[in-house]
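The values are calculated or read from the model by the stated rules, or taken from the named source; none is laboratory data. It should be emphasised that the depicted structure is a prediction, and the values quoted were computed from it without experimental measurement. Note that we place each Cβ from the backbone using ideal geometry, even for glycine, and neighbour counts take in every protein chain shown. Calculation scope for accessible area: heavy atoms of the full protein, side chains included, ligands and nucleic acids excluded. Shrake-Rupley method; radii C 1.70, N 1.55, O 1.52, S 1.80 Å.
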Amino acid sequence: MGETNTGVLHLKYEKDEGPAPEYLISKDLSDLTLMFIVSSVVYFLAAGSLAILMRLLQSGVPISQNQQSVGLFYTALTVHGQVMFFGFVSMLTIGISYYLLSKFAKKPLYSMMLATISFSLLNAGTIFLFVSGTMFFGAGWYNLMPLTFHPGNGGWNSLSAVIFLMADAMIGIGLVIFCLVVIATVFKGKIAAGVQKSEPEGKQYDDSHKNQVDLDDGGRIDLLPMVQIPSSTRLVSVLGISSWFPRYYRRAVPAVSVVVVGVFVNAAALITGSIGLFTQLGIGFSYLLNPDFDLNWLLAKDAWWFFGHPIVYFTLFSFLGAAYYYIPRYAKKTVPYDKWAYRSWPFYFVFTVMVFTHHTYMDTPNPAWLKMLAQVATFGVIFPSALTIMTIMMYIFRSKIKWNLTSLFLMAGFVGWTIGGFTGAETGWWGTNIYLHNTLNIVGHIHLVLLVGSVLFGLGLIYSIVPDLTRNKFGVSLGRIHLILTVIGGFGIALLFTYLGFAGFVRREAVVPQEFSWAMPWLFFFASTVGIGQIIFAYNLFRTLKHGQWFKSNGLYYAAAISTSLAGIMHLILVQYFVGFDSLTSTFFIVSGLAQIFWFIPYVRKWGRIWYTIGIVGTIALIALFVNSQASGEDGFDWKFILFYLVVGGAQLFWIIPLLLSWSKARFYAGIGCAISISLFWIITNSPESVVGVEAPYDDLSILIEGLQVIFIVTSVMVILRGGSLWPKKNITAGKDSDHGSSNMGPPSNQELDI
Amino acid sequence: MIDVQLAGDLGFGISWLRMVLTVSILLAAGFFIYVILSTRSKHALLAGFDKAKYELNKYHAEKYWAIFVGGLLIWLWFLGYPWMPPVASHDAIENPDEVHIIKVTAGQWFWQLEDGGYMKSDRGSAQGSLNVQDDGSHDPLPEGQSPAPVNVKAGETVKFIATSRDVNHGFSILSSSKSMDSPMMQMQVVPGFNNEFYFTFQEPGVYTIRCLEYCGWNHPYMISQITINAA
């Protein structure tokens, strides 16, 4: 983007988003933050599709044979959990934390090289996780040793376990490097501080914000002067301890920005917790070296949770710290030094490290003091969470808050986190854990605090940070759709899990008993809703990053290139099952797999139509071979029937694009016509066998699908009647011609950016 | 109120839990509503909120809230204290002659239950201290050896001592004979340890034993049953 445009864009940004933080981070860090964000979103989609796979398997879709489908379920469970934790939320946390730290401590990071290394290690670890998944490693995301090395009959091999442990080791080192960078950045040189100036002299109320200095700078915590603070005082300040001092002493300690406090507490807690990860990995590697070692598996388990609970809070603290800045910013409040914003943090730090013990209530050999500690620590961490929620509510309450995407996502996140807090209090109580431990209730709790807690926080921050870094606007309508879909799907799946846990559904069960099978299509529906929302979000994000143009001209090519190369990789993975089986088959798979991977190049380099045609014909031939081999098998499934459904499903999913991009009316008529004919077809095929000769299943899922099709028809008709836009209010001004992408959907044009 | 008789009554029960949590949530919601109502302009001063702070949209709410939440958590802690596992187990150890030992061996993917008789103690010896001689500690049952049949009566305190032959398992007794239901009790079976749990069956009947800790691909099929006879 040209230099001349920047000033205008900046004004536009401030008009939409409120005052931008004053300190400009370096170009390197800006790029690194964007790389963190992009790779985290990619892994979110990948791990999310594993969630969809699990939901499909449990909905009774015949993806593979019984034993294989159980193995596939547990593999998906393992990789989904670890990639979501490390590849997605931790990656996002680290990227945003680097940005926030530099921005609000008002100085560059201690070492950009180390920061880049942490990025590489996290990516390498996540890719290793996927590799172990292709080898059907499935010891659960918490990797409960010695199961890692004892899969029992027909499980994974020890090579996959080694790859998994190496992945965790790389991720662990990456996380430690992040913590060191944060701690070194905070302690080296000067730091932005001094908000305590707002605490007035004399006997006035200490949080009334009447100090003249605050009124001058609007109480903006990003406008602090650089101060040299002695290390010991700095520690008291960045842990938020000074906020609990009596006023006289509180004034004596310079306060750093609350965002820096959040990031620092995060790093300090995780670097302590990572001792647990390395202890567990150490036990694992020593077993691999010599299985005769007399190893303490209880220690391995306790050590894992010593890390496993802080990593949950790791995904939260930086975002909470940021919320203390963003919520008042959009609520147009001046909150330069609010002691209640700082008072949670010492509790967070101490009890996050101790609270792991409540995962081990049911481990009876653990000493009694550990169980006593568990209860105190659980309540100890509820206390600051409750304080945070109240403080944030007080910022919003009776304010004229600007409800943009960031503040909406943050608020939705607070709702989810609060409900998750209540369920956490239930399961973390020693009198009730015995009923709820290892039921789906726990899964519901983790999805409440993560999926509709910290993930919503993180997504909300992306909606503010990416425009700050690129000065490009997100598509607001797409953002709203993303919010609605994520909230509906996320809360749906989390609350349903919670309910099923109360009803006695045990977690980590691949086989669903009859009395709970009604819930599976619903879980699948909610998971897909979240998934569709994230695909829209990914499109919105990449379009914003590339200012629309790149994606428009290259998006399809890259989508085709990625899908064919992924298919090729999977074909190569299949080869291992045919080794020694039939050399012709395995050769065929190797050749076709390599060809598919190779076809990445013609698409990305745009070699021309001949190449594309060959690719299409070859792929169709492969699909035909697959269908043919399946149809001739002795299986009872009619694969041609399933193929028909796949084509129908693909066509229906395709109709998202015309809807979102507001294509012409003709396409809507076509979509409505097709949906009606599919509905009729469904009625015919589900009639008794004697009428039509073949009978399709008449179950919850298909009823759900038909319901959705009816919704599709109705909304499409509404879209046509209202002039082809999902957001009719804006379209009145945008004009009724909707043959091209409507202006509120597309990237901001030059005309829009002029003020 | 609930009185703790035996270690088996470890939990509040789902209905009790529901009641206490409902009370807590109602109290918390009530506090929020109080803040909202009391800070309406004409009520602000009446409710003790400072006028100047009201104008700046900032109240003492946090202070009262912190005290309230802290108090609530301390109340819950004391409420739960008698059910805390070590405290509750202590009651059963007080009366060791009447504790029925069941030795459990877990492995991929089976449960084996063996009757271990009743705990023996030499109460009143030397210093008169409680000295349990046979507390039922055991190694996993070797393969191929058939366990002694189990005969448990309703109302007697049972001490489950579980060991694992391979990986971590989760020993649970569900509240019915259905394959999946809410657990009445559960404990982890960590390999290399004697995992102990005291429990009293109130009603005779057939109960499902189920593995609650993921232990490999056949984990969903690691199910057994225990029959409780009438007293």
**Fill in**
Computed for B with A: buried accessible area summed over both chains, 1.4 Å probe, rounded to 100 Å², at 6800
**Prompt:** Tell me, how many Å apart are the Cα centres for the stretch B:172-221 and for the stretch A:282-357?
**Reply:** 31
**Asked** If you count, for each residue, the other Cβ atoms within 10 Å and average over each peptide, how do A:410-419, A:119-128 line up from highest to lowest?
**Response** A:410-419, A:119-128
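Which order do the peptides A:488-494, B:72-78 come out in when sorted by mean C-beta neighbours inside 10 angstrom, highest first?
Answer by packing, highest mean first, reads A:488-494, B:72-78.
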**Request:** Could you tell me the accessible area of A:Ser49 in Å² (1.4 Å probe, neighbours in place), rounded to the nearest ten?
**Result:** 60
**Fill in**
Length-normalised contact order of the stretch A:307-403, Cα under 8 Å, at least 6 apart, in percent, tallies to 41
**Complete:** Regression test value, accessible area per residue of the stretch A:272-420, probe 1.4 Å, units Å², expected 28
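Please work out how much length the chain gains when fully extended from A:Ile614 to A:Lys188, using 0.36 nm per residue of separation minus the C-alpha to C-alpha distance, in nm with one decimal.
147.5 nm
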**Asked** Which order do A:Asp302, A:Asp363, B:Asp97 take when ranked by solvent-accessible area (1.4 Å probe, heavy atoms of all protein chains), largest first?
**Response** B:Asp97, A:Asp302, A:Asp363
**Shielding by partners, peptide B:207-215 (average Cβ within 10 angstrom, other chains)** = 5
**Prompt:** Per Stokes-Einstein, at 25 °C and 0.890 mPa s, what whole-number D in µm² s⁻¹ belongs to the stretch A:256-312, with the Kirkwood radius over Cα pairs as the hydrodynamic radius?
**Reply:** 196
**Item:** Size of electric dipole in the stretch A:299-401: Cβ of Lys, Arg +1 and of Asp, Glu -1, about Cα centre, debye, nearest 20
**Value:** 620
**Prompt:** Carbon and sulfur together cover what percent of the accessible area of the stretch A:365-506 at a 1.4 Å probe radius?
**Reply:** 76
**Prompt:** Rounded to the nearest whole Å², what accessible area per residue is found for the stretch B:140-231 with the 1.4 Å probe?
**Reply:** 33
**Asked** Per-residue accessible area for A:Val487 at 1.4 Å probe radius, Å² rounded to 10?
**Response** 40
**Complete:** Of the convex hull drawn through the C-alpha atoms of the stretch A:356-404, the volume per residue in Å³ is 79
**Asked** Do you know the relative contact order of the stretch A:414-475, to the nearest whole percent, from alpha carbon pairs under 8 angstrom that are 6+ apart?
**Response** 37
**Prompt:** How would you rank A:354-361, B:111-118, B:136-143, A:499-506, highest first, on the average number of other Cβ atoms within 10 Å across their residues?
**Reply:** A:354-361, A:499-506, B:111-118, B:136-143
**Item:** Where labels lie 7 Å past Cα in the beta-carbon direction, separation of A:Phe293 and A:Asn153 in nm
**Value:** 3.1
**Request:** For the stretch A:476-481, just list the computed ³J(HN,Hα) in residue order, Karplus coefficients 6.51, -1.76 and 1.60, θ = phi - 60°, integers in Hz, with x standing in for Gly and Pro.
**Result:** 5, 5, 4, x, 5, 4
**Item:** Distance (nanometres) between label positions extended 7 Å along Cα→Cβ at A:Ser120 and B:Lys120
**Value:** 6.7
**Item:** Placed amide H near B:Asn168: partners under 5 Å, 5+ positions off or other chain
**Value:** A:Leu147
**Request:** Please work out how much length the chain gains when fully extended from A:Ala368 to A:Val227, using 0.36 nm per residue of separation minus the C-alpha to C-alpha distance, in nm with one decimal.
**Result:** 46.1 nm
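Count charges around B:Ala148 for me, please; just the other residues with Cβ under 11 Å from its Cβ, Lys/Arg as +1, Asp/Glu as -1. Show your work: numbers first, answer last.
Numbers: positive: B:Lys103; negative: B:Glu114, B:Asp115.
After counting each charged neighbour, the total is -1.
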**Item:** With DNA, RNA and ligands ignored, accessible area of A:Asp31 (1.4 Å probe; Å², nearest 10)
**Value:** 60
**Complete:** Diffing the stretch B:144-154: the Karplus 3J(HN,Hα) column from phi (6.51, -1.76, 1.60, θ = phi - 60°), in whole Hz with x for Gly and Pro, holds x, 8, 8, x, 5, x, 9, 9, 10, 10, 5
**Prompt:** Quick one: Karplus J couplings for the stretch B:113-118, per residue in order, coefficients 6.51, -1.76, 1.60, θ = phi - 60°, nearest Hz, x for Gly and Pro?
**Reply:** 10, 10, 6, x, x, 9
